[in-house]
Each structure stands twice: as C-alpha cells, then as structure tokens.
1. Only residues that are touching a residue at least 40 places away in the same chain (Cβ under 8 Å) and hydrophobic (A, V, I, L, M, F, W, C): list them for the stretch 52-72, please.
2. When the stretch 107-123 is examined, which residues are found to be within 18 Å of the chain's Cα centre (by Cα), on the phi < 0 side of the Ramachandran plot and not charged (D, E, K, R)?
3. Considering only residues that are closer than 18 Å to Ala87 by Cβ, in a helix (DSSP H, G or I) and over 14 Å from the mean Cα position of the chain (by Cα), which ones fall in the stretch 131-148?
4. Which fully enclosed helices (runs of 4 or more DSSP H) of the stretch 19-130 have 1 or more residues being in contact with a Phe, Trp or Tyr (Cβ under 7 Å, 6 or more places away or on another chain) and small (Gly, Ala, Ser)?
Amino acid sequence: MQLTTAFCDEYSINTQDSDSGIPGVLIGRYPGDTYAGGNPWVLTTAALAQVFYRAAFQTKTFGLPSEAAQEQWSKLGITTSTSSEMAQALATSGDSVLLRLAKHVNGDGGRLDEQIDRDSGEQASAQSLTWSYAEVLNAMKARTDYFA
C-alpha cells in the first residue's frame, strides 16, 4: 500500500493520469530506483493488477480476509462490509491498474516494452520484453479466474 503512494508521488505520469481521470497506478521496481531512468515497469504494474485479482478470487472463494488484511486494504480505499463487495472492489482495482497500463501501450499497437517513461508516459527501454508479456498474461489469467 505504501508502494502505490510512493510511486504516485515519484512518477509525474501517475499525477497526470489521475488528473485526467484515468484510473489505476503505474509502479516500478522500488522507490528511488535509478536504473535506466527509474521508470515504472510494465511487468511490476501487471504484477500489481495480478495481486488485486488474486485477492479478489480469495475473498470471493473464502470470505473476508483477516482484520489485519482488511486494515491494509482500507489504506487503498477498499472498505466494504461483505465479502462479495470486497471481492468486487479488489477486482475493480486490478482493472484500474490494467486500464492505466493499456493507456500507455495501446499507441504502440499493444507492444509491451520494459518500462514506461515516468514523465511522458511513452514506453521506454527494452522493446517487446517477454517478461512484460508474461506478467500481463498472468494478470489476465488471474482476472479470468476471478470472473469464472
């Protein structure tokens, strides 16, 4: 939860997207990273979406998480009283992350590079990175599992 806040503060593209009404967040490897400009990474952003979808699936399947977990989710604004509401809120959060990611890759025909420039939102670094594709596919699989 602290990571999403840190990356919102660190990457101006997150502020620009939020100000434009685009949901979600782009995240990097860790706050303060300087490798190749220290940008958001496609694969870590997709992995975040996957976390939301997996949490949604677990909540849908097994009910509300522990009070400690609910407290952590509440830091992201996910506060609900029923497991179905929480599962839906978590899945919506995953969708938001992927929507923001899609906004930055659609102009390149859906090509998934290593990073997204922290200021311009353009893709950067290694082009067509296999690991980026793998993480987006993992997120999409987790989404399918939730909605199945």
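1. Here is the first cut: in the stretch 52-72, the residues touching a residue at least 40 places away in the same chain (Cβ under 8 Å) are 52-54, 56-57, 60, 72.
Correct list: Phe52, Ala56, Phe57.
2. Leu112, Gln115, Ile116, Gln123, listed by residue number.
3. Taking the stretch 131-148 first, the residues closer than 18 Å to Ala87 by Cβ are 139-148.
From what is left, the residues that are in a helix (DSSP H, G or I) are 139-147.
Passing the criteria: Lys141, Thr144, Asp145, Tyr146, Phe147.
4. Numbers: elements: 42-62, 67-74, 83-105.
Because the criterion is at least 1 residues that are in contact with a Phe, Trp or Tyr (Cβ under 7 Å, 6 or more places away or on another chain) and small (Gly, Ala, Ser), the helices (runs of 4 or more DSSP H) in the stretch 19-130 that meet it are 42-62, 83-105.
Each value in this text was obtained by applying a stated rule to the coordinates, not by laboratory testing. Computed from a predicted structure; not experimentally measured. Neighbour counts are summed over all protein chains in view; Cβ atoms, including those assigned to glycine, are modelled from backbone coordinates with ideal geometry.
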